[in-house]
Amino acid sequence: MLEQILQSIKLFQPETTLTITFCVVIVAGLFFRKNSSATAWIALAGLMVTGYFLVHQTSTGSIFFNMFAVDPFSIFFKFLILISTVLVVLFSLHLNELNTGKRSVGEYYALLIALTLGLFLMTGATNLLMMYLALELSSISSYILAGYTKDAEDSSEASLKYVIYGAVSSGMMLYGISILYGLTGATDIYGINRAFVMQEIQTVPLILAGILITVGFGYKISAVPFHFWTPDVYEGAPVTITAFLSVASKAAGFAMMIRFFKLSFVDPAIGNLAVGTWAIFRGFEWNYMLAALSVLTMTIGNLVAIWQNNLKRLLAYSSIAQAGYMLTGVVVLSTEGISAVLIYFAVYLFMNLGAFYVVMIIANKTGSEEIDAYKGLGYRTPLIGIAMTIFLFSLTGIPPTAGFIGKLYIFAALINAKWFWLAIVGVLNSVVSLYYYVRIVRNMFLRDPDANAQPIQLSFSQLLILLILLIPTLLIGLYFGPLVDFAQASVSMFGVR
């Protein structure tokens with residue numbers, strides 16, 4: 001037992017580093033109350049050390065008695081989450097609503113590290129209790145961060161709504177876990193899978209348990225009809241937290257969802273699965289349930305986004321629609337489908353964080369997040385206008401941006417799996433999304449700026465962050481081979497113990 005614990009600790013170094021960083025940032029916040037940037041740089045140093053251990057994490061295996069898995073699949077998502085966290089910390093250094101007044105921000109960065117730790121745990125959790133605990137750690141941290149700027153009118157309301165929806169969904173998920181444990185006598189997903197294969201499981205309780213657990217996943221990834229918290233929370237939270245939840249939190253939710261369905265509900269004798277097939281237990285077609293969720297999510301997200309004038313709220317519904325596109329890869333659940341989800345998330349990170357970063361810059365300058373604040377932006381500050389246009393076109397999936405590559409692999413996986421109708425729905429929704437993205441571009445380039453509008457001056461650090469997000473959005477659209485290879489290699493050993 002001691003030997004296994006010691007071996008587990010060796011493979012748990014990135015998470016251990018985040019835990020130590022969390023403690024150090026809390027203590028540092030007590031000493032640097034008047035220096036808001038000191039705790040940010042300490043947090044960045046901890047994240048860099050975490051990245052070092054992540055890069056050198058070559059060994060894989062199931063650790064802590066099948067509670068947690070370290071494999072290329074989880075490592076891929078950890079890289080995405082870590083990059084998102086680093087960028088959001090850099091964003092936070094320039095956020096006016098966070099750095100004005102006498103507010104101490106030490107707790108802000110500590111909670112951000114705690115949230116990152118929870119998301120890391122979600123990516124590799126192989127036990128239902130670990131999944132629930134990781135979900136709760138990330139959720140509780142994000143509840144507080146969503147309402148961190150208490151002086152904002154809608155911040156406390158957003159946090160309260162987040163708590164209520166989160167409590168209901170996590171309670172339903174826990175109830176589903178208890179039913180599943182009663183049916184199988186196991187909480188680790190490998191044991192659950194063995195019970196499915198070897199035992200006669202009652203159909204109705206199994207379906208109920210699966211649906212209740214899916215509610216928890218749906219809440220985390222903002223899938224319809226579990227999305228009602230998303231627009232209000234995204235609008236009321238600080239823009240940095242909104243950006244983080246839209247990328248990193250969603251990525252961890254997808255990682256946990258894919259691992260659960262792939263390793264619990266698929267017959268291991270099939271191996272990597274024939275393209276587009278599931279091992280259906282007890283006659284319930286889980287893939288059709290997920291296909292229905294996907295269609296609802298992308299369609300409602302895009303249609304409601306058309307009517308939005310607040311950019312944070314518009315991007316909230318856009319992120320709901322993006323979750324719908326990514327859900328189609330889970331519907332297929334083949335190696336090709338899962339690798340397509342990974343590719344999509346990698347490009348989604350840069351284009352979505354880029355769009356939110358521009359929103360933050362404009363809000364800092366004008367104090368407004370409304371679409372009218374972007375009138376004539378392309379003439380006042382051409383670089384910001386062009387960058388925002390590229391990010392929005394990438395979210396639509398227009399070549400030669402990175403978003404086109406993400407959607408190309410998603411739709412190709414659907415077509416190869418004979419899900420033609422779902423691919424058509426996805427393409428039609430992409431066309432709908434172009435309408436509300438072009439509204440923003442029209443305001444920036446086809447409307448005259450206000451008479452008192454001034455050009456927006458970017459500092460060197462702001463310009464550098466913008467280019468860090470803009471260059472990959474264009475580069476991956478032209479040279480995407482290494483990303484595809486990395487994603488496919490991460491999926492090839494998925495679930496291997």
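The values are calculated or read from the model by the stated rules, or taken from the named source; none is laboratory data. Quick caveat, the model's predicted, so the values are computed rather than measured. Here the Cβ is made from the backbone with ideal geometry for all residues, glycine too, and neighbour counts use every protein chain on show.
State all residues of segment 357-382 that are hydrophobic (A, V, I, L, M, F, W, C) and either under 27 Å from the mean Cα position of the chain (by Cα) or in a loop (DSSP other than H, G, I, E, B) (or both); if no residue qualifies, say none.
Val358, Val359, Met360, Ile361, Ile362, Ala363, Ile371
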Exercise. Of (1) without any contact (Cβ under 8 Å) to a residue 40 or more places away in the chain; (2) more than 21 Å from the chain's Cα centre (by Cα), Tyr190 satisfies all except one. Which?
Worked result: (1)
For this session: May I ask you to verify whether Ile213 is within 25 Å of the chain's Cα centre (by Cα), among the β-branched types (Val, Ile, Thr), over 16 Å from Gly324 (Cα atoms) and assigned to a helix (DSSP H, G or I)?
Result: yes
For this session: Scan (1) free of Cβ contacts under 8 Å to residues at least 40 places away in the same chain; (2) assigned to a helix (DSSP H, G or I); (3) not hydroxyl-bearing (Ser, Thr, Tyr) for the single condition Glu200 breaks and write down its number.
Result: (2)
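Answer yes or no as to whether Asp188 is at pLDDT 85 or above, acidic (Asp, Glu) and farther than 18 Å from Phe73 by Cβ.
In short, no.
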Problem set entry | Residues of segment 40-85 that turn out to be touching a strand residue (DSSP E or B) at 6+ places or on another chain (Cβ under 6 Å) and farther than 22 Å from Ile189 by Cβ, as a count | 0
For this session: Select from segment 63-103 the residues that are within 28 Å of Thr149 (Cβ to Cβ) and among the polar types (S, T, N, Q) and list them in ascending order.
Result: Ser84, Thr85, Ser92, Asn96, Asn99, Thr100
For this session: Kindly list the number of the only condition in (1) free of Cβ contacts under 8 Å to residues at least 24 places away in the same chain; (2) hydroxyl-bearing (Ser, Thr, Tyr); (3) touching a helix residue (DSSP H, G or I) at 6+ places or on another chain (Cβ under 8 Å) that fails for Thr396.
Result: (1)
Problem set entry | Failed criterion for Phe65 (all others in (1) surrounded by fewer than 16 Cβ atoms within 10 Å (Cβ to Cβ); (2) assigned to a helix (DSSP H, G or I); (3) at pLDDT below 90 hold) | (2)
